[in-house]
Amino acid sequence: MKVLFVCLGNICRSPTAESVFRAKAQESGFDIEFDSAGTSHYHCGESSDMRSMEHAKARGYAMTHFARQVIAADFANFDYIFAMDLKNMAHLQMHCPDDHKHKLKMLTDLCSMKHPGFVPDPYYGNGYDFDYVIDLCEDAWDGFRTLINK
Ligand code: 4NP
């Protein structure tokens, strides 16, 4: 199984989700591949935002991703594609072939905690905002296990 997370810059939210899900899957012994990508090319080739990396590290997650943009092949290659916000989802909906559209979901659809319906962009935010991204990702993991019946 292959899972892709998508945000705008691919330096904050989606690589955080990738790292949290990879660590949780490893803990549980699940054979699942995780990757992330951005709808923009703004930060292609860059490592993740230092603030995301520091907040993730403090909670036990290593972020080693280098940013890349979503490519057409992603829609066929991945089994699930989770968008972080509604703009990301609109971009994916616009580019995704009809026969793969069932793979597109909002990450927050997996969450059981109170949330605004998307993962808020922490880029112009503070430490609380970066921690909240991790909270949502950890919560989404439980929903993901239910989704895949594991
Ligand atoms: P991300 O956050 O989409 O969670 O990676 C952002 C990173 C960079 C920018 C916006 C959002 N930016 O405008 O450069």
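Since every read-out is calculated from the coordinates, none of them should be taken as a lab result. Computed from a predicted structure; not experimentally measured. Cβ: placed from backbone, ideal geometry, glycine included. Neighbour counts: every protein chain shown.
Tabulated data for the structure shown
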| item | result |
| --- | --- |
| Odd one out for residue 26 among (1) within 16 Å of the ligand (Cβ to nearest atom); (2) surrounded by fewer than 21 Cβ atoms within 10 Å (Cβ to Cβ) | (1) |
| Hits in the stretch 118-128 - residues which are out of contact with any helix residue (DSSP H, G or I) (no Cβ under 9 Å at 6 or more places or on another chain) and part of a helix (DSSP H, G or I) | 128 |
| Matching residues, the stretch 90-132, being of a type in the set (Phe, Trp, Tyr) and either touching a residue at least 60 places away in the same chain (Cβ under 8 Å) or over 25 Å from residue 53 (Cβ atoms) (or both) | 123, 130 |
| Close pairs (7 angstrom Cβ cut-off, 6 or more residues apart or separate chains): over 12 Å from residue 108 (Cβ atoms) in the stretch 139-150, of a type in the set (Lys, Arg) anywhere | 141/24 |
| Filter result (part of a helix (DSSP H, G or I) and near the ligand (Cβ under 10 Å from one of its atoms)) within the stretch 29-56 | 52 |
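Rundown of residues vs (1) loosely packed, with under 15 Cβ neighbours inside 10 Å; (2) polar (S, T, N, Q); (3) part of a strand (DSSP E or B); (4) within 16 Å of the ligand (Cβ to nearest atom), yes/no style:
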| position | (1), (2), (3), (4) |
| --- | --- |
| 60 | yes, no, no, no |
| 89 | no, no, no, yes |
| 100 | no, no, no, no |
| 116 | yes, no, no, yes |
